[in-house]
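Worksheet for the structure shown next.
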Amino acid sequence: MMTGEDIDALFARTLQGDADDEGAWAAIRTLFRIGAREVFDKAAGWLQSPSPLLRARGANVLSQLGVGGIGQKHSFPDECFAVVAAMLRIEKDSFPQEQAINALGHIGNPAAAPLVAAFAAHENTEVRFAVAVALGCFPNEPVSIDCLLVLMRDDDEDVREWATFGLGRQGDADSDDIRAALMVRLDDPFVNVRLEAIASLGKRRERRILSVLLTALEKPEIPMAIVEACWLMLGLENDREDWTAADYAKALRERWEPVLAPYGNGKCL
């Protein structure tokens, strides 16, 4: 049974080290599991602190309060959303902004989408990355779609990767603009972005990636994103574990050969 002193000690431990300190995050995860009103009250109070670190850690704790395992739900989702959103609206420091945006993604209220999207052009790369990740939690919201399309062209490769993943693989929206944006990413200099685009286009059964898939299936090592795109193009529910690359190539040709449309000679990987 945790006492008030125990909880205070855990909060104090969240302040140790740098932003990614494992001891600090171990304390945060323990506070998640406790998920009590006392934890909410203290974390919410930290959002009002003059210290950017305390405001950031308060948002960290509120992000998954009560979520200590698979299937567990947030303890106070509406209240956590309200206080973190209010903090973000007036926050001026990039680190608390980043953590508040992350928190809103975890809390999962779609009403956060326009507030988060407002930071898409932030000068700080970590903040833009947080925006890309958070909007992937509600990727079918119109404001999320518009913002992720912009972030898919970001200067930072990790931002582009997560924007492509959020819109393309987590989201179900489909349009000529979305497909065109994903096709552009087939030529991205970062291989992870290219793979996200391929899997996303496979999800939409976009025949223009067939030459890319067939070329990739001839290589010694085949990324899982390629396999995923293959079974999605074939209308399967999941990977056929008993299939080889040759099996996938044969099935793709049988299903799509009449409409094969090459893209860049299949050389995007």
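The values are calculated or read from the model by the stated rules, or taken from the named source; none is laboratory data. All values derive from a computational prediction rather than experimental measurement. Note that we place each Cβ from the backbone using ideal geometry, even for glycine, and neighbour counts take in every protein chain shown. Ligands, DNA and RNA are excluded from the accessible area calculation, which covers all protein heavy atoms including side chains. Shrake-Rupley method; radii C 1.70, N 1.55, O 1.52, S 1.80 Å.
Can you tell me the relative contact order of the range 62-195? Whole percent, Cα pairs under 8 Å, sequence separation 6 or more.
Values: 183 pairs, mean separation 22.8, N = 134.
With pairs under 8 Å counted, the relative contact order is 17 percent.
Report, in debye and to the nearest 20, how large the dipole of the chain comes out about its Cα centre when Lys and Arg carry +1 and Asp and Glu carry -1 on their Cβ.
It comes to approximately 520 debye.
On a 0 to 90° scale, report how tilted helix 4-13 is relative to the longest principal axis of the chain, with both axes built from alpha carbons and the result rounded to the nearest 10.
So the inclination is approximately 50 degrees.
Over the range 125-269, calculate the relative contact order: mean separation of alpha carbon pairs under 8 Å at least 6 apart, over the residue count, as a percent.
It comes to 20 percent, rounded to a whole number.
Ranked highest first by the average count of other Cβ atoms within 10 Å around their residues, in what order do 217-224, 132-139, 176-183 fall?
132-139, 176-183, 217-224
Measuring from label point to label point, each 7 Å out along Cα→Cβ, what is the Asp172 to Arg253 span in nm?
Distance between label points: 3.5 nm.
Could you state how much accessible area His106 has, in square angstrom rounded to the nearest 10, with a 1.4 Å probe and all protein chains kept in place?
Ignoring ligands and nucleic acids, His106 comes out at about 110 Å².
Which chymotrypsin sites (Phe, Trp or Tyr not before Pro) in the range 122-206 sit in a loop by DSSP (not H, G, I, E or B) and have at most 15 other Cβ atoms within 10 Å of their own Cβ?
Sparse-neighbourhood loop chymotrypsin sites (Phe, Trp or Tyr not before Pro): Phe190.
How about the range 18-87: which trypsin sites (Lys or Arg not before Pro) there are in a DSSP loop, with at most 16 other Cβ atoms within 10 Å of their Cβ?
Lys73
Assign one of three labels to the range 12-94, namely rounded, prolate or oblate, based on the Cα gyration tensor with a ≥ b ≥ c the square roots of its eigenvalues; rounded applies when a/c is under 1.5, prolate when it is not and a/b is larger than b/c, and oblate otherwise.
Because a/c hits 1.5 or more and a/b fails to exceed b/c, the range 12-94 counts as oblate.
Tell me which GluC sites (Glu not before Pro) from the range 79-164 have a DSSP coil assignment and no more than 16 other beta carbons within 10 Å of their own. Don't skip to the answer; put the middle values down first.
Details: sites: Glu79, Glu91, Glu98, Glu123, Glu126, Glu157, Glu161; in loops: Glu91, Glu123.
Within the range 79-164, the qualifying GluC sites (Glu not before Pro) (loop, at most 16 other Cβ atoms within 10 Å) are Glu123.
Round to a whole angstrom and tell me the spacing of the C-alpha centers of the range 52-131 and the range 177-256.
About 34 Å separates the Cα centre of the range 52-131 from the one of the range 177-256.
From Cα pairs below 8 angstrom and at least 6 apart in sequence, can you work out the relative contact order of the range 74-139, rounded to a whole percent?
Details: 68 pairs, mean separation 22.3, N = 66.
The normalised contact order for the range 74-139 reaches 34 percent.
Taking Cα atoms, how many degrees apart are the long axis of helix 191-203 and the longest axis of the chain, rounded to 10 and kept between 0 and 90?
70
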